[in-house]
Amino acid sequence: GPDHMCRQPSTLELSPDEQLAAEETFKLYCKPVELCNVIQKRALDNPAFLQRCLHYMIQASRKKRIQLTVSLSRGTNTDHNIFPLYVLLATPTSDSIPLEGHSPIYRFSRACLLTSFTEFASKDHNKATFTIPDVKNIATSRACNLSIILIRCVSDSEGQVGENNCSGDHVEASALRKLEGKCFWGKIPINLLGSSLENCVTLNLGHTVELASTVTMNPSFLEPKFLEQDSCLTFCSHKVDATGSYQLQVGISVQEAGARDMSESPYNSYSYSDVPPSSLPHIIRLRAGNVIFNFKYYNNTMQKTEVTEDFACAFCLVKCGSYKGLGCHLNSTHDLFHFEFWVDI
Ligand SMILES: [Zn+2]
């Protein structure tokens, strides 16, 4: 903080008297900071509301998430009867051994409806988006047996699940109860994606990784009884003619999704495409939250500079989680001073 800034040499040429006067004005920063540090120490056990919020944000932003967007392209799919296609993020229930001729019982957390290829702009209904835990933890986490399940119903009732039951691309579980009957279904196990993504460096830089998956859609019978409770479903292959399976080429774009506030950080909107790889670590450090503080003093004619990391406050070294969080902290905690903020990239 300002303690060690006080020892920095001044760059302007001043007479000894002027230098002394200048240092006196700079001390205006040091006094309130001492008081602030005392208050901060007292508050360690019981942090103020803003500090608790910022701490939570930091924890949340470190929890990485992966966003998957599932879509189908006209160019790679020649089959005519692909839509409507339901896309579910599901996991087999652990306590069930599949019955003869049945798939495991899947519990799904989110269901989307696709009605067209990506090329056709029907806005909401050509993409299905899911958020899953970070791929690096997939092998060890509960998420390892997550699957993306694709269902196309061929029963008479298929027309009944329409726009009324969808908000955006999301389908209400109650609407899925009508899906009972003959269908085609296939699945993409998430851990297969995990192995393709594990060594993917560009994902960390905010890039989107495009994967392609071939899914075999098998004829089956969707059993409704489990839909009534707990958003569960199972597929039975006994009740249908087992011929006529077909393949879908599914595109999956994968993106890292941190906490909202981190992704809105001005440093994250910077494009890395024309940066030589050797300087990437430096850039990433910048992105991770270096902040330059310029302390103006002596009627704003002089300036001392300090750089902090992790969006930390230069007065009390509290980590603020984001540029916005730092702004809130400075204005509320150090309101004796006047602040100007700008982003320099
Ligand atoms: Zn502070």
**Prompt:** Of all residues in the stretch 84-117, how many are hydroxyl-bearing (S, T, Y) and crowded, with 17+ Cβ neighbours inside 10 Å?
**Reply:** 6
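Each row is one residue, and each column tells you yes or no for (1) within 16 Å of the ligand (Cβ to nearest atom); (2) buried (at least 16 other Cβ atoms within 10 Å of the Cβ); (3) β-branched (V, I, T); (4) under 30 Å from K239 (Cα atoms).
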{"residue": "R42", "(1), (2), (3), (4)": "yes, no, no, no"}
{"residue": "F49", "(1), (2), (3), (4)": "yes, no, no, no"}
{"residue": "I82", "(1), (2), (3), (4)": "no, yes, yes, yes"}
{"residue": "F120", "(1), (2), (3), (4)": "no, no, no, no"}
**Request:** Take the stretch 312-334 and flag every residue that is more than 11 Å from the ligand (Cβ to nearest atom) and either part of a loop (DSSP other than H, G, I, E, B) or of a type in the set (V, I, T) (or both).
**Result:** G321, S322
**Request:** Please verify whether the stretch 281-296 includes one or more residues that are at pLDDT 85 or above and exposed (fewer than 12 other Cβ atoms within 10 Å of the Cβ).
**Result:** yes
**Item:** the stretch 219-242: number of residues that are surrounded by fewer than 18 Cβ atoms within 10 Å (Cβ to Cβ) and modelled with pLDDT of 80 or more
**Value:** 3
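Can you pull out the residues in the stretch 289-310 that are within 11 Å of the ligand (Cβ to nearest atom) and either among the small types (G, A, S) or over 23 Å from A22 (Cβ atoms) (or both)? Talk me through it step by step, then tell me what you get.
Within the stretch 289-310, the first condition is being within 11 Å of the ligand (Cβ to nearest atom), and the residues that meet it are 293, 308.
T308 - this is the single residue of the stretch 289-310 that is within 11 Å of the ligand (Cβ to nearest atom) and either among the small types (G, A, S) or over 23 Å from A22 (Cβ atoms) (or both).
The values are calculated or read from the model by the stated rules, or taken from the named source; none is laboratory data. Model, not experiment: these values are computed from the prediction. Here the Cβ is made from the backbone with ideal geometry for all residues, glycine too, and neighbour counts use every protein chain on show.
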